[in-house]
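The values are calculated or read from the model by the stated rules, or taken from the named source; none is laboratory data. Since the model is a prediction, treat every value here as computed from it, not as a measurement. Virtual Cβ from ideal backbone geometry, glycine too; neighbours counted across all protein chains shown. Quick note on the areas: whole protein, heavy atoms, side chains included, nothing else; ligands and nucleic acids left out. Shrake-Rupley method; radii C 1.70, N 1.55, O 1.52, S 1.80 Å.
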Amino acid sequence: MKAGDLRRALRDALMIGALLWLAVTAAYVRDRNKDATQRALRHAQAAAELIAAGETPPTPTAAAAIVGAPVASKQHGFLRRRVAHTAAGPRPLGGPTAPAVDKLLYDAAGRFDKDGPFVAMLPDGSERAVAAVATARGPAIAITAGPEPRAPVPWLAVVGHLGLMLVLVGVGAVLGGRARGVGVAAGLATWAFPAYLAGGPGLALAILAVAAAAGWAHATGATDRAIAGVRAHKVALSFLAPAGVAMIVLVVVPFAVGLALGFYDHHHGRWTFVGLANFKRILTGDGHALSDPLNFWFILGVTLAWTFVNVILHVLFGTLFALILRQPWLKARGLWRVLLIVPWAVPNYITALIWKGMFAGEYGAVNSILSGLGLDRVSWFSSWATAFSANVATNTWLGFPFMMVVALGALESIPKELEEAAEVDGASSWQRFKEITLPHLKPALGPAIVLGSIWTFNMFNVIALVSGGKPGGSTDILVTDAYRWAFERGEQYGMAAALGTIIFLLLLGWTLIGRGLTKGDEEARP
Amino acid sequence: MIRGLAIAALCAAAAACGRSDAAVTVWHAYDKDERAAIEALAADWNAAHPERQVELVAMPYDGFGDKLGSAIPNGNGPDLFLYSQDRLGDWTAAGVLEPIEFWIDDATAARFTPEALASLAYHDALWGLPVAVKSLALFVRTDLVPTPPRTTDELLAMAPALTARGSFALAYPVDDLYAHAPWLHGFGGHAMDGDTPTIATAEAVAAAGFARELVQRKVVPAEADAALTATLFAEGKAAMAISGPWFIADIPAGVPYTITTLPTVSATGLAAAPYLGTEGILMSARARDKDAAIAVALAFTSDAAAARRAERAGQVVPNPAAYRGALADAPRLAAFRKQLAHTVPMPVSPAMRAVWTPYKNALGQVVSGAASPAAALEKAATDIATYARTEGAR
Amino acid sequence: MSVRKPKLPVIVAVHALLAIGTMAVLYPVMLVVKKAFEPGRQFALSPSPIPKRVTLDHFRALLSARGSHGELAFLQHTISSLAVAIATTVVGIALSCTAAYALSRFRFPGRKAALTSFLVVQMFPASLLMIPLYVLLHELGLLNSLSGLVLVYSTTAIPFCVWTLKGYFDSLPRELFEAARVDGAGPIRIFWTIVLPLARPGIAVTALFSFMTAWNEFILASTFLTDEGKYTLPVMLKSSVGQFSADWGQFAAGALLTSLPVMALFYVVQKYLVGGLTAGAVKG
């Protein structure tokens, strides 16, 4: 009995301890890097002060000098010469063959002139620090040579700590009863101490909370039950694991990142937390009028109109063609079917570009046909209504084959006897359509409409390639607007992510509603 | 540390990791002749410097500026790149560029014309070396128009005869501010006054009205982008075109044409003055080997290299020494150099970036008759102000 | 639908209307084909679908164009597209077979949640995940690499493969499994020796559809790949008709060469797609 207790206690402690160890290690590494940065800055400062005092700085310094005042060139005000005074004598800074290290001195002197004395890390990612101190002859500048050596990992302390944890857990297990849970909790809680040193009180408190929860789970047998459950289904779960892990890495993580990014503002490479500011900006229309494309509600309206009109046209044309193709007296049915699904077969970005060419101003095919018929040429992309129509025409062309195929499948499932019997009974064509055809179409078209509406809602290629949002961004839909926030309005990734979250919520709502609606239909299938 | 492990693991598995082994990576958006010229220069450098290779990467022009602005601050961009100076203000604020005046002495600076070099200076530092100056000029098909128009009235007078033949007199992208700028400046207007946009001035309204008149009288097509302009000119459906030195490569052999300066605006007597853009080779603030990068930049802008670019690609190079010998009389280069006297430097203020799209929308509305010039430009001014306000608050 | 045949004029009229409708539907495609063979960079000046002159110049220019390193550009792009599409398909199928089988044949706690989550994930647009994926790859330095693109494509490939394969496994007869279990075979043996061979058609269809989706994908590729040498075919096609220089002839020739293989594949798989719809969701 006691051996089993000990084994289970150790198992739980090691399992959860591994996670805690990861968290503490990450905090430790970050802390170590911060420490290295601090040391680099201190070295640079000390070296600069030594130079200012006229002494030589210690060796791990890439460059150190007192830099004289700039002398501007007579022809070009922005060309300046400076001189570096080192122990080896004065050296001019600059010129076509000057080394890049000298440029660091030059840039630092320039920054000193603007901002005064400073110490900072170099912005080129080389982990070197630069410091500038004022002297009578000009700023004394020192630059460290390279990344600071990191403090060695205290292996002895790690081993000792691990031992302490195992001892605490073991003692608890041997004592039995309540002590088991306490032992596990105490053993894991020892991680809080290095966490506090490396990551501060926040991380330490979090670890204490996890340790307490683990102790409680162990004491109540929750972990035992969970592991038994996994073992019972281990085949199924192991089969699920590869795709599951891939989904977590490729979908859950980016999705969570996307959610989080919505709360930040991105400007020139820097991220600042702004809370709900992005969402507020979007949902209040960012101060633009309702008819302005930069207002979220305008784009939402356009997107809803776009989806609605398209789906109706898809279903109309799809069912119309399906009904015609279903006529038993139709010749060459196979041929018509093959030809009519060509729009679905051709990659849609190619046809979107063709349609854009067709709607082009003076010489596009559509305008040529119009003028051939004696009508006026239309400038398709200079007014909202015509640009929207151009997009709708393209997407209808792209989308009706899918509805046609679905409708065909549904129509094929209608038993012939039913139709014959209805005709014998003297029912008119309209009655036959309403009582027989429609009830068979609805269950198939239902899910197809939900799917089709989601695809249309997100149809990026057509909007981006045909009208490109013209005129003035007013034919943009939500997904293309999000794209523009990220890639065309100064890399405002935060706004784009927030808009993405809003789109996700809208789609989620519609999917749930749609599934609710179509479930009813499925039950009513004849 | 975790990041480093992740990168190492993924790089080991990946075929390509983005950064190459070449010492200096140069991004450009050149095509055809310009691309061939720059590739020849790179090949020469690589032959002479086997230990410090240069790698050219061709990017499509659409979105090139955006890609640079987003790649470089995260360490993913090139070491050098060829771009015009219009984003200078924006990029210096974002820390995208490395100031290079450190490496330039008076002797080197003397290679270039002072204006070209100064156009790449901003806030008391130098941000690149000038590679070519670009402005629009008037391309004229001599088979359709024997004498180019000297004033806009002459242009309008030529139109009916050409329309009767089924051609436009002139083709250019009417809604693009860059192409519309000659008229804007010809009517005395300016898009920017220092750091302030001056959009809805009376002169700008007059210029927009002139553009509308051109479209309504069928002098120019209502909707032409750069590609259509080239096609119309090549096929004789437009007798003239407003475009830049890059246009030369788009004209098929056998089309007789000449290049000349843009006409004077009759209403004001001022010359139609296009923007003067300086294309430069700029250094990324995150360049890995800055010594090698500046050496490559100096090599690509040397007098000899400039002469080869001028010869091969028709670039108007800002190196006076390159125009000795045969190039001195090259007619196409001469035409663009003559136009240089009537140009307005492209504004580099960061505020300019907000101007392009709203102005394009406004011109589109004006030209299609959907809005009056005054109303459309007022709306553009409001849009620009809103953008500047939200941008400035960040 | 009437079982009696209507009068002859009606039949003729319907056939004629159908023919006109089909011609209208095929018109844009005919324009591409025409443009591929008609000389000139600009899109047809006349709307007729018959070319005035025929030339193979566009194909010649397309196939012989060289990139910035001297390599054959079209070949390079085809290889990039092939590599990405094959890798995505392999990753998708390899990781999904077992998961689909588990979801189809086993009952375990969390199964319903897993099913719903795979369905829900599949329904959301790639363009939503694009931004966090872009930022993530940006920070990891994996932008502008084909392997980064495969990772991104797998995001949508795996849920689709799981859902479709599950539908297919569901349709396999239960008796097979009962018989094998009676014979004493463990679940892994059953999977390898019985299920996989039987599921070959379903796996083939899923693989083909995965391949086609990755081959035709345009927006993610154009966002994540900046280096022209790494472009896949869709991005190359789009960049040949950019705002500043458009070569519609080259575009049309490239479009034909790019889409004919996948159109052939599409016709092979489209029969199975409607069946797939009743089993789950099918992506367009």
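Data table
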item	result
Filter pass, B:A370 being in a loop (DSSP other than H, G, I, E, B), at negative phi and either acidic (D, E) or open to solvent by 60 Å² or more (accessible area, probe 1.4 Å) (or both)	yes
Number of the exception - A:K34 against (1) closer than 30 Å to A:L197 by Cα; (2) within 41 Å of the chain's Cα centre (by Cα); (3) touching a residue at least 12 places away in the same chain (Cβ under 8 Å)	(3)
Of all residues making up the stretch B:70-94, the number that are more than 7 Å from every other protein chain (Cβ to nearest Cβ) and either of a type in the set (D, E) or touching a Lys or Arg at 6+ places or on another chain (Cβ under 9 Å) (or both)	8
So C:A113, is it more than 9 Å from chain A (Cβ to nearest Cβ), out of contact with any Lys or Arg (no Cβ under 7 Å at 6 or more places or on another chain) and more than 30 Å from C:C161 (Cβ to Cβ)	no
Elements of type strands (runs of 3 or more DSSP E) contained in the stretch A:29-105, each with 3 or more residues being farther than 25 Å from B:A295 by Cβ	A:61-67
Close pairs from the stretch B:273-295: first free of Cβ contacts under 8 Å to residues at least 60 places away in the same chain, partner assigned to a helix (DSSP H, G or I) and surrounded by fewer than 21 Cβ atoms within 10 Å (Cβ to Cβ), Cβ under 8 Å, at least 6 apart	B:D291/A:A100
Some residue of the stretch C:140-148 being part of a helix (DSSP H, G or I), open to solvent by less than 10 Å² (accessible area, probe 1.4 Å) and either at the interface with another protein chain (Cβ under 7 Å from one of its Cβ atoms) or not acidic (D, E) (or both)	yes
C:A83 being under 21 Å from the mean Cα position of the chain (by Cα), farther than 28 Å from A:I324 by Cβ and open to solvent by 20 Å² or more (accessible area, probe 1.4 Å)	yes
Restricting the stretch B:215-229 to residues that are closer than 16 Å to B:S243 by Cβ and not charged (D, E, K, R), the residue that is modelled with the highest pLDDT	B:V220
Test: B:A107 is open to solvent by 30 Å² or more (accessible area, probe 1.4 Å), outside any strand (DSSP E or B) and at pLDDT 85 or above	yes
Residues being without any contact (Cβ under 8 Å) to a residue 60 or more places away in the chain and either within 17 Å of A:W306 (Cα to Cα) or away from every other protein chain (no Cβ under 11 Å) (or both) - total across the stretch A:473-491	3
Any hit, the stretch B:135-155, residues being within 9 Å of another protein chain (Cβ to nearest Cβ), more than 23 Å from B:K32 (Cβ to Cβ) and outside any helix (DSSP H, G or I)	no
Filter result (within 25 Å of B:V131 (Cα to Cα) and at pLDDT below 90) within the stretch B:230-260	B:A230, B:G244, B:P245, B:W246, B:F247, B:I248, B:A249, B:D250, B:I251
Selection status of A:K470, of a type in the set (K, R), open to solvent by 20 Å² or more (accessible area, probe 1.4 Å), under 28 Å from A:F296 (Cα atoms) and more than 8 Å from chain C (Cβ to nearest Cβ)	yes
Residues that are in contact with a Gly (Cβ under 9 Å, 6 or more places away or on another chain) and open to solvent by less than 30 Å² (accessible area, probe 1.4 Å), drawn from the stretch A:94-124	A:D102, A:K103, A:Y106, A:A109
Residues (modelled with pLDDT of 80 or more and in a loop (DSSP other than H, G, I, E, B)) located in the stretch A:281-290	A:T284, A:L290
Subset of the stretch A:63-89 (residues that are within 14 Å of chain B (Cβ to nearest Cβ), open to solvent by less than 20 Å² (accessible area, probe 1.4 Å) and in contact (Cβ under 8 Å) with a residue 24 or more places away in the chain)	A:A63, A:V67, A:R82
Some residue of the stretch C:89-102 being in contact with a Lys or Arg (Cβ under 6 Å, 6 or more places away or on another chain), within 14 Å of chain A (Cβ to nearest Cβ) and not in a helix (DSSP H, G or I)	no
Any hit, the stretch A:179-187, residues being out of contact with any helix residue (DSSP H, G or I) (no Cβ under 8 Å at 6 or more places or on another chain) and among the charged types (D, E, K, R)	no
The stretch C:230-284, residues that are assigned to a loop (DSSP other than H, G, I, E, B), within 12 Å of chain B (Cβ to nearest Cβ) and either modelled with pLDDT under 85 or surrounded by fewer than 18 Cβ atoms within 10 Å (Cβ to Cβ) (or both)	C:S240, C:G242, C:Q243, C:F244, C:S245, C:D247
Identity of the residue in the stretch C:54-78, within 28 Å of the chain's Cα centre (by Cα) and either among the charged types (D, E, K, R) or within 11 Å of another protein chain (Cβ to nearest Cβ) (or both), that ends up nearest to B:W27 (Cα to Cα)	C:G67
Pair list, Cβ under 6 Å, 6 or more apart: the stretch A:306-331 residue in contact (Cβ under 8 Å) with a residue 60 or more places away in the chain, other residue surrounded by 20 or more Cβ atoms within 10 Å (Cβ to Cβ) and among the aromatic types (F, W, Y)	A:T307/A:F457; A:H314/A:F400; A:F317/A:F400; A:G318/A:F400
Failed item, numbered, when A:V311 is tested on (1) in contact with a helix residue (DSSP H, G or I) (Cβ under 6 Å, 6 or more places away or on another chain); (2) under 20 Å from A:T475 (Cα atoms); (3) of a type in the set (A, V, I, L, M); (4) at pLDDT below 90	(4)
Yes/no for A:A407 being outside any helix (DSSP H, G or I), of a type in the set (G, A, S) and surrounded by 14 or more Cβ atoms within 10 Å (Cβ to Cβ)	no
